[in-house]
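Working notes, beginning with the structure itself.
We did not get these values from a lab; they are worked out from the coordinates using the rules stated. As the structure is a computational prediction, the values presented were derived from the model and not from experiment. Here Cβ is always computed from backbone atoms with ideal geometry, including for glycine, and neighbour counts include all displayed protein chains.
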Amino acid sequence: MKNFFLLLALLGTAFWGQAQKMQFGRLSFEIPNGFKVEKGKQELYIYNLQRQLCAVVYSNYSCAVNLEETQWQLWNQEIKFPNYIIGEMMNRYSIESGGAKGIRADYESRTDNGMVSKSAIVYESAGSCDAVLAYSSDTETKYALDGFLKSIVFVAPPVAVTLSPLERSYQWYRALRGPDVSNSSIQVYQSQTSINFTGFYTPSQQHLQTLCDSLFYLRELPKLQTVLIGQSKMDDLAAYHIGTLRAIKELKTMSQGFPLSITNAGLQSLSNATTLEVLELQGLDVNGVTDAGFVHLAKLTNLKRLFVVRASRITIAGFEYLTTLKQLQELNLSYCLLTDADLPRLRAVLQQLPALRILYIQTTAMTPAATIQLRQEIPGITIYR
């Protein structure tokens, strides 16, 4: 007889085939092949091949005063299992999985219709319970449920780690500088008002291609006023992170040898940093910036110095957006698309910038004669061509 049931179990494995892995609440398990499931709000109902209810999985099950009481409460629960027989517990023992303590109880009895079995599993963690009640009144279902019950494991939810601003700053600084960083150094660093990214270059790697991931953590430095970026690729995502800084006064990029991959969208992000007084965007090329992007720069009314060098798509129309910058003292738009025909409109713009003292329009199509005329008409501004 013992060999018969062993053979039946082996045949059952082949018959049931590949089980379906599933998780409900904090319990993970394998549903026997061919079994069906039906989800409720806090219950998962499992049906055998005859479409009879054979197991219920409970998420957030009501806990009693202890695990034994909870298991007993589950054991005596009225469930519409077919041929349901209330019997005494045959075996009860403690279990543990995924850091949670639990208890399991089993009952088996032979009837005229075959083997009746009943099992209850309860896990408790963090003041709540997850449970399973399984029942079978035929041999095929019993052996399928045996595999199901053995597969049940408790899956602890990931613990949300909340880092303080200091810890996040340390995490960021360490990612940039390497593991040999003390916590005291980041404390000193956090009180600084300036950071220079130009030094983040080593012979073992190419120029730092992007600072986006690192710049995210700049918001944790509340006193930060100056950001210098060199030998790196500045793009719209980096501009977005810088736009979140509430105390920033200076942003300077000198990405010689790198395209400045910032577009009008990046300028829109930078326009949120309304405390900016100095904005210098200098790179190999600034092709992504057009006249329309200067609409956003017009919002930075505290600017005293504005450099957008090598923005080769900027025309006089872009200049005209800058008349709101009444505190602007120095403007550099070298390599832009200025011609002699733009002289009247350019003069009108400059006359609306009362604080402007220096203008760079080097490497443009404006002729020396037109530049001399502009200098004569607006003598208070030093113009470099």
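Starting from the Cα of Ala317, move 7 Å in the Cα-to-Cβ direction to define the label point; list residues of the stretch 285-308 whose amide nitrogen is under 20 Å from there.
Zone members listed by number: 286-299, 308.
Amide H of Tyr61: which non-local residues (sequence gap of 5 or more, or other chain) have their own amide H closer than 5 Å, using H built in the peptide plane?
Cys129, Asp130, Ala131
What lysines sit close enough to Lys101 to cross-link, taking a C-alpha to C-alpha distance under 27 Å and skipping anything fewer than 8 places away on the same chain?
Those lysines meeting the cut-off are Lys21, Lys39, Lys41, Lys118, Lys142, Lys150.
Pop out the ³J(HN,Hα) list for the stretch 64-75 in order, Karplus 6.51 cos²θ - 1.76 cosθ + 1.60 with θ = phi - 60°, rounded to Hz; leave Gly and Pro as x.
Coupling constants for the stretch 64-75: 8, 5, 7, 4, 4, 5, 5, 5, 5, 4, 5, 4 Hz.
Give me, ordered by chain and number, the residues 5 or more places off Asn332 or on other chains with an amide H under 5 Å from its own placed amide H.
The answer is Leu306, Phe307, Val308, Tyr360.
Once you put a point 7 Å from the Cα of Thr324 and another 7 Å from the Cα of Ala298, both along the Cβ direction, what distance in nm separates them?
Computed distance between label sites Thr324 and Ala298 equals 0.6 nm.
Using a Cα-Cα cut-off of under 24 Å, which lysines could be cross-linked to Lys304, ignoring same-chain neighbours fewer than 8 residues away?
Lys223, Lys249, Lys252, Lys326
Please compute the length gained on full extension between Ser94 and Val65, using 0.36 nm multiplied by the number of residues separating them and subtracting their Cα-Cα distance.
So the chain would gain 8.8 nm between Ser94 and Val65.
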